[in-house]
Amino acid sequence: MCNLYSLTKSQDAIRQWVRAMTDHTGNLPPLPGIYPDYAAPIARNSVAGRELAMARWGMPSPASVLAGKKSDPGVTNVRNTESAHWRRWLVPEHRCVVPFTSFSENEVLPDGRRPTVWFALGEDRPLACFAGIWTRWTSVRKVKEGETTNDLFAILTTAPNAEVGAIHPKAMPVILRDAEEIEQWMTAPVPEALLLQRPLPDGALKIVLRGEKQDGEGPEVVAKTAEPPRQGALF
């Protein structure tokens, strides 16, 4: 999965979609381009019920890949849910859903260009969620920041369906399309929750934009921001 997605629906619509009882995101603007290590809203379980909160995109990397490194920018996409490194965060307390309206992959063209291709569930970019995991972690994300404690998240991936596979044949995000699937991911025992780690049916996604670094769908979208360096990896 390319490390870029968009969330441009209203804050109230997002709260209703994930059924959040509390909202700790403050005044949340449209986010036409969310990149690795950016803060973005997630919905997670808490003792007070489901809450909407901000977290940085990129879970702690496995120790095996950090040898000799001074920082850990994090892992954005997680596929190997059999790994002991990830299984500790598959319990309901560490599951989350990540609201989005569209996500991107880079198409590799014969001339070497890699234009951005945006996918959504429809031309109107309805709300949906990625299945995710989260944790609170103390580490050095960037050397210039030093050691910090952050809420972090990553998105589960799976094999691609036909639409995504034509652009990016390796993987696609795990997408939850309705309230029932969100509840299953957030509350079910691990084996039942992981049944959702599957491609969407062929035909479920549409290409809604090509060639743009961000997917703003209307005048409400805030001004574009500069694209940061790519971070994260697929494990």
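Once amide H atoms are built 1.01 Å from N in the peptide plane, which residues 5 or more positions from A55, or in another chain, come under 5 Å H to H?
A40, I42
Would you mind checking which residues have amide H under 5 Å from T101's amide H? H placed 1.01 Å from N; only 5 or more apart, or other chain.
S6, L7, T8
If we count other beta carbons within 10 Å of each Cβ, what is the order of C2, C96, fewest first?
Going from sparsest to densest Cβ surroundings: C2, C96.
With +1 on each Lys and Arg Cβ and -1 on each Asp and Glu Cβ, and nothing else charged, work out how big the dipole of the range 100-184 is about its Cα centre, in Debye to the nearest 20.
Details: 9 positive and 13 negative charges, 107 e Å.
Charge dipole, the range 100-184, about its Cα centre: 520 debye, nearest 20.
Using Cβ counts within 10 Å as a stand-in for footprinting exposure, how do M54, M172, M21 rank, fewest first?
By the 10 Å Cβ count, ascending: M21, M54, M172.
Given Cβ point charges of +1 (Lys, Arg) and -1 (Asp, Glu) and nothing else, what value in debye, to the nearest 20, does the dipole of the chain about its Cα centre take?
In debye, rounded to 20, the chain gives about 740.
With springs connecting C-alpha atoms under 10 Å apart, model the chain as a Gaussian network and identify which of Q197, Q16, Q184 has the largest mean-square fluctuation.
Fluctuation is largest for Q16.
For the chain, what is the relative contact order in percent, using Cα pairs closer than 8 Å and at least 6 residues apart in sequence?
Once normalised by length, the contact order is 26 percent.
To the nearest 20 debye, what charge dipole does the range 12-58 have about its Cα centre, counting +1 at the Cβ of each Lys and Arg and -1 at the Cβ of each Asp and Glu?
Around 140 debye, computed over the range 12-58.
Toward the positive end of the charge dipole of the chain, about the Cα centre and with charges on Cβ (Lys, Arg +1; Asp, Glu -1), which of S71, P169, Q11 goes farthest?
Result: S71, furthest along the dipole toward the positive end.
Under a GNM of the chain (C-alpha, springs under 10 Å), which listed residue has the highest mean-square fluctuation: V190, V117, V97?
V190
Which residue, A159, A13, A55, tops the fluctuation ranking in a GNM of the chain built on C-alpha contacts under 10 Å?
Of A159, A13, A55, the most mobile in the Gaussian network model is A13.
Short version: ³J(HN,Hα) in whole Hz for each residue of the range 46-52, in order, from phi by Karplus 6.51 cos²θ - 1.76 cosθ + 1.60 (θ = phi - 60°), x for Gly and Pro, what are they?
Running phi through 6.51 cos²θ - 1.76 cosθ + 1.60 with θ = phi - 60° gives 9, 5, 8, x, 5, 10, 9 Hz.
Suppose R0 equals 30 Å. What FRET efficiency, 1/(1 + (r/R0)^6) with r the Cβ-Cβ distance, do A63 and R114 give to the nearest 0.05?
Working: r = 32 Å, r/R0 = 1.05.
Step by step, r from the Cβ atoms, then E = 0.40.
With θ set to phi - 60°, apply the Karplus curve 6.51 cos²θ - 1.76 cosθ + 1.60 along the range 92-99 and write out the HN-Hα couplings as whole Hz, x wherever there is a Gly or Pro.
x, 5, 10, 8, 8, 10, 10, x
Order by neighbour count: D72, D12, fewest other Cβ atoms within 10 Å first, most last. Please list the in-between numbers first.
Values: D72 21, D12 10.
In order of increasing Cβ crowding within 10 Å: D12, D72.
Which ³J(HN,Hα) values, rounded to whole Hz and listed in residue order, are derived for the range 171-178 from phi using the Karplus coefficients 6.51, -1.76 and 1.60 in 6.51 cos²θ - 1.76 cosθ + 1.60 with θ = phi - 60°, glycine and proline given as x?
6, 9, x, 6, 10, 10, 9, 8
Just order 198-204, 129-135 by mean Cβ neighbour count inside 10 Å, highest at the front, would you?
Peptide ranking by packing, descending: 129-135, 198-204.
At what distance in angstrom do the alpha carbon centres of the range 1-40 and the range 97-168 lie from each other?
Their Cα centres are 13 Å away from one another.
What's the longest piece of the chain with no exposed GluC sites (Glu not before Pro), counting a site as exposed if DSSP puts it in a loop and it has at most 16 other beta carbons within 10 Å? Can you show the working numbers first?
Numbers: sites that count: E82, E123, E145, E212, E220.
Counting at most 16 other Cβ atoms within 10 Å as exposed, the longest clean stretch of the chain is 1-81.
Please compute the net charge surrounding K170, taking Lys and Arg as +1 and Asp and Glu as -1 over other residues with Cβ under 15 Å from its Cβ.
-1
Just so you know, all these numbers are worked out from the coordinates, no wet-lab data involved. Here the structure is a predicted model, which means the values were calculated and not measured. Virtual Cβ from ideal backbone geometry, glycine too; neighbours counted across all protein chains shown.
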